[in-house]
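Right, one structure below, let's go through it.
The values are calculated or read from the model by the stated rules, or taken from the named source; none is laboratory data. Please read these numbers as outputs of a predicted model, since none were measured by experiment. No Cβ is skipped: glycine too gets one built from the backbone with ideal geometry, and neighbour counts run over all protein chains shown.
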Amino acid sequence: MFAVYDGHGATGHACARFASKRLPRLVAKHIRAARVKKYKEYCAANDIQKPKLFDPVSWPFLTAEEYKVCSRKAFLECNKAMHDEDAVSVECICSQGCCCVVLGGEAVCSALKTVSHPLNSS
């Protein structure tokens, strides 16, 4: 994942730093959960009795649309965490981030914008 973060306002750097530390882990968490779910569904459909759930090599890849859903979930979770976190000042007007995941020959790009009100992201 390649990402760029840009904070605005007097404490925008703190918001950008917060997102840069949290967002990659959150994106990975949601991608991992989606791939495990997809693998479990595959195993159930093909009557595989003992799937290797902790074997990422066996997990199917996600489609570009599924990656976008995972990114959106991660962005919303990061935005909420940013507003819930005492260390990030409410004076942070805006933090923007853009990340890109290369999947085969396709790039899936997503953008994050956090503003001073919880759960406002685009």
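General remarks:
- For segment 37-52, a residue qualifies if it is at pLDDT 85 or above, over 17 Å from Glu66 (Cβ atoms) and surrounded by 13 or more Cβ atoms within 10 Å (Cβ to Cβ), and exactly one does: Cys43.
- Qualifying residue in segment 8-15 (condition: touching a residue at least 24 places away in the same chain (Cβ under 8 Å) and under 22 Å from Val108 (Cβ atoms)): no
- Being assigned to a helix (DSSP H, G or I), touching a Pro at 6+ places or on another chain (Cβ under 6 Å) and either touching a residue at least 24 places away in the same chain (Cβ under 8 Å) or among the aliphatic types (A, V, I, L, M) (or both) is a property that does not hold for Lys73.
- Consider segment 8-36 and keep the residues that are closer than 17 Å to Cys100 by Cα and among the small types (Gly, Ala, Ser). The one that is modelled with the highest pLDDT is Ala28.
- Scanning segment 30-70 for residues that are assigned to a helix (DSSP H, G or I), among the small types (Gly, Ala, Ser) and over 15 Å from the mean Cα position of the chain (by Cα) yields Ala44, Ala45.
- Residue in segment 14-35 that is surrounded by 16 or more Cβ atoms within 10 Å (Cβ to Cβ) and over 26 Å from His83 (Cα atoms) present: yes
- Residue match in segment 58-66 (condition: within 23 Å of Gly105 (Cα to Cα), surrounded by 12 or more Cβ atoms within 10 Å (Cβ to Cβ) and at pLDDT 90 or above): yes
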